[in-house]
């Protein structure tokens, strides 16, 4: 089984996840700035979620490019990651409509942890199918970034019950860690003259 | 006609079917666990449907990979399967909003039977277009899994009028049969050294 | 410019058009057959529209396969066809919610005429970009099917103001004309030993 | 990193943006022309937005065709453009529901400016990744069209507070500038015998 169709399906699902959130933005009741004001937090949440899901897409793009073949395990690790990511619009809508409160903010952290777990599972499944000489395995290295992310999201989820704004700050910080695609893969490939 | 564009169109439709269900999840009214509770059954139903449709995608992916060409009959068998699968979000929303009751649960079984029939029709159409020496035909073998599935879904649909929970258990059991992509195709191909 | 990305974009738009209609199906209020009954006409309309749009996709698939390159005119003829097709879910929803009445049924005919015009414009634009020796031009032949379709849809639109049910019957009849992909293209290609 | 998957993802997002607007069209309450009348301005707005987003897709298609590789900067310039374009359906819905008023019409101009900026950023990122000998850079030339567009949108946004109808006229005029794909790229390529 080749990774191309998996990539295409993932592109489709992520494109939908990233775009349907605009359907959730409520129409302002009126046509002045006062009417627009209550929509602004939802717009901010949409921007954050757009970036978050966009980062997963970008890293997924990178990872699959280093992959040569996929099997059933890869496919279901991928589906698990997509399912979890599809909950992002739901949580963003909840926060947008009800405001920044502990439970939805904590659950956003939990969902980001689950998406990170799905991503790591997908990475492992891809390495497993390629076997010992896996180029991806050599490229991944220490998985330090993954552990920092998961810890940050979990901490954010816990701290939400003290103040949800601390969590939001933490989510943004951890998110920014992923903004640049995993340079280890590119460096590895460059070292071998493959990219 | 080549199977690539059929695969791409199917990916698009299934990606939408699998993702729009998240639009159906109602926003919790409030921000504590009590507000989240009524959404949980709908979330469970979404997860089940995500897996169900994901299985069809995975098996479709597998089947089309063994195919070399498609014709009008293949295309319409595929469209019939997609139409039936597109009713899954509708039924899941119905069950999520009105609860687990006999009629919607029975209809879910009927829709799964129809999707299985669509899948078998698609398989036959693909074999027909490839003719006698079809690799896919040699690979399919006894169709035992298909018959067990259809029987399980039909039984589930009938038993829903006694207790819908028996049906849910049956659907989950039959679904799990399809979780692993059809190993006969892979085995066959391996025996011939083609995969 | 190559036709592949045009095909991919068209697949995406048509996959969405064909699938979002299921979002329009209202949730039955209740869980018995009485509750399901008012949804049935909308389900019938969804099936008709799914087939109608599916036919355009199938013929589009066929036409683009015979094409070698596209230009700006092809692209905008294609967009015009997609815009018109995107009105189908709107009309189906209108008919589903308000019932089978003259105006929406007549407009459905008008939209089908406009989609047919868009299709013919696309065909001409594709032939124009390929120039005199166009394989597609040789394959198209008399355009009889196109003229019969447009006449049938226009007649249906006019007769809707006498009885919308005559129009529905006509739409179904004209639709069935397009069910089989344009055999002239396949015959032509076979005659030249190209397919 | 190759531009193909970026193109596919962009196609998916734009196909969704362009199509979900039809979900926003309200169902007419009644089945005569009087019932249809209040939907007509929304339909006009949908057509304008369909063309606007379609132009971005068409130009994007053109630009990426001249590109050989993409990096993280290209990817995020692309995502920024997609995010801004995804606000178009939101503004169109606002104008459709609340009517043609200064603030939403001005914001439509601002969104079009931001999308133009995103487009130029994407163009620069693509040229940067290709380096000095970039074919795209040689093709772009004076960027006169970009500056005229941005000026027109900004002027439209400002004039909306005098009369929103002047702005609508300006938007249509500036939009028409982009209707034809950037002929400089095609001319350049033809001059070199590459297209």
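What average count of beta carbons from other chains do you get within 10 Å of the Cβ of residues in B:20-30?
Mean shielding by partner chains, rounded to a whole number: 6.
Sorted by mean Cβ packing within 10 Å, highest first, what order do the peptides D:159-166, B:83-90, D:22-29 take?
Ranked from most to least packed, the peptides come out as B:83-90, D:22-29, D:159-166.
For chain A, just the Cα atoms, rotate onto the principal axes and tell me the three extents in Å, largest first.
Over chain A, Cα extents along the principal axes are 60, 34, 29 Å.
Using a 7 Å offset from Cα along Cα-Cβ at residue A:161, what residues in the range A:81-115 end up with backbone N under 13 Å from the label point?
In the range A:81-115, the label zone of residue A:161 (backbone N under 13 Å from the point 7 Å along Cα→Cβ) covers A:102-104, A:106-107.
Across the residues of B:3-10, average count of Cβ atoms on other protein chains within 10 Å?
Average per residue, whole number: 6.
Kirkwood hydrodynamic radius for the range B:1-91: how many Å is it when counted over pairs of different Cα atoms?
Value: 14.8 Å, from the Cα pair sum.
Working from the alpha-carbon coordinates of the protein assembly as shown, get Rg over Rh, Rh being the Kirkwood radius.
0.94
Arrange the following residues from fewest to most other Cβ atoms within 10 Å of their Cβ: A:11, B:71.
Ranking A:11, B:71 by Cβ neighbours within 10 Å, fewest first, gives B:71, A:11.
What angle, in degrees between 0 and 90 and rounded to the nearest 10, separates the Cα long axis of helix C:3-24 from the longest principal axis of the Cα atoms of chain C?
Between helix and principal axis, roughly 10 degrees.
Return the calculated 222 nm mean residue ellipticity for chain C, to the nearest 500 deg cm²/dmol, obtained by summing -39500 (n - 2.57) across DSSP H runs with n ≥ 4 and dividing by the residue count.
Dividing the helical sum by the residues of chain C leaves -26500 deg cm²/dmol.
Shielding by partners for B:63-74, please: the mean number of other protein chain Cβ atoms within 10 Å of each residue's Cβ.
1
How high is the relative contact order of the range B:3-191, in percent, counting Cα pairs under 8 Å that sit 6 or more residues apart?
Once normalised by length, the contact order is 24 percent.
Helix A:40-65: angle to the longest alpha-carbon principal axis of chain A, degrees 0 to 90, nearest 10?
In chain A, helix A:40-65 runs at an angle near 0 degrees to the longest axis.
Using alpha carbons only, how many degrees (0 to 90, rounded to 10) separate the axis of helix A:102-130 from the longest principal axis of chain A?
Approximately 10 degrees, to the nearest ten.
For C:92, C:100, what's the fewest-to-most ordering of other Cβ within 10 Å of each Cβ?
Starting with the residue having the fewest Cβ neighbours, the order is C:100, C:92.
Values in this text are rule-based calculations from the coordinates and carry no lab data. This structure is a prediction, so every number in the text was calculated from the model and none was measured. All Cβ positions, even for glycine, are placed from backbone atoms using ideal geometry, and neighbour counts span all protein chains on display.
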